[in-house]
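The structure appears right after this line, and notes come after that.
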Amino acid sequence: MMCNAKVDEARFYSKHSFYSLADLQDQLKRYNREYKHTPMRPLGRKSPNQYLADYFNNKSVTDV
């Protein structure tokens, strides 16, 4: 999982410009919100938020 975090981090920083610390924090917040709602193939085409909701609601989540 750490490898994916590094790739996502590189993608974020290469596509954004920051004008202040507050701007960086705001853009990172928006990026994380979008990322957490994006369906992903390793999670069975569910977003990370959907996958966690299913897991904690004891719904049938297949091993990934």
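Some points to look at:
- Gain upon complete extension [Arg45, Tyr19; 0.36 nm per residue less C-alpha separation]: 5.9 nm
- Between the amide H of Gly44 and any residue lying 5 or more places away or on another chain, no distance stays under 5 Å, with hydrogens modeled in the peptide plane.
- The Rg/Rh ratio for the range 18-64 is 1.19, where Rg is the radius of gyration of the alpha carbons and Rh is the Kirkwood radius.
- 3J(HN,Hα) along the range 16-30: 10, 10, 10, 10, 6, 4, 5, 5, 4, 4, 5, 5, 5, 4, 5 Hz, from the Karplus curve 6.51 cos²θ - 1.76 cosθ + 1.60 with θ = phi - 60°, whole Hz, x for Gly and Pro.
Just so you know, all these numbers are worked out from the coordinates, no wet-lab data involved. Not measured: the values here are computed from a predicted model.
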